[in-house]
Amino acid sequence: MSQGETRHCLDPWLNAFIQYNGDVNPCCFVRTVWGNVHRDTATEIFESAAARELRRQLLEGDLRGSCVFCPARPMVPLATLREAVEGLFTETPAPSSDARE
Ligand code: SF4
């Protein structure tokens, strides 16, 4: 693993992996429980300390546990993931009427 790199993974921003008992993990590899759908709201789950910490680790390339050896997401420069995350929060302008002609 090179310094200045991280996994190209948006899962902790977009997905929830819900177990049979309602426990929520960020993906099928990470076993850290972010919350439980029977007890917590979606906001509480996605803004939990564990959720924030995993997002920090990915954004800073401070990979731990399953993310180090993840078979699903390739290694990329930190800037690549950061741009992808910023893109999640950037509104896409509606097409102009000219574009439909
Ligand atoms: S284990 Fe892989 S898929 Fe899961 S959060 Fe880490 S990089 Fe993303």
| message | Given an 8 Å cut-off on Cα distances and at least 6 residues of separation, report the relative contact order of the chain as a percent. | response | 33 percent
| query | Using the alpha-carbon atoms, what tilt in degrees (0 to 90, nearest 10) does helix 49-60 show relative to the longest principal axis of the chain? | reply | 60 degrees
| said: Could you list Cys70, Cys9 so that the one with the fewest beta carbons within 10 Å of its beta carbon is first and the one with the most is last? | reply: Cys70, Cys9
| remark: Given Cβ charges of +1 for Lys and Arg and -1 for Asp and Glu, the option among Pro74, Phe29, Gly87 whose Cα lies farthest towards the positive end of the dipole of the chain is Phe29
| field | Total formal charge among the other residues, if their Cβ is under 14 angstrom from that of Val37, Lys/Arg +1 and Asp/Glu -1 | value | -2
| field | Crossing angle, helix 78-88 versus the chain [Cα axis fit, 0-90 degrees, rounded to tens] | value | 70 degrees
| Rg ratio (alpha-carbon, reference 2.2 N^0.38 Å) - the chain | 1.27
| request: Treating only the Cβ atoms of Lys and Arg (+1) and Asp and Glu (-1) as charged, compute the dipole magnitude of the chain about its Cα centre; round to the nearest 20 debye. | output: 400 debye
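No value in this document is a laboratory result; all are computed from the given coordinates. Model, not experiment: these values are computed from the prediction. Here Cβ is always computed from backbone atoms with ideal geometry, including for glycine, and neighbour counts include all displayed protein chains.
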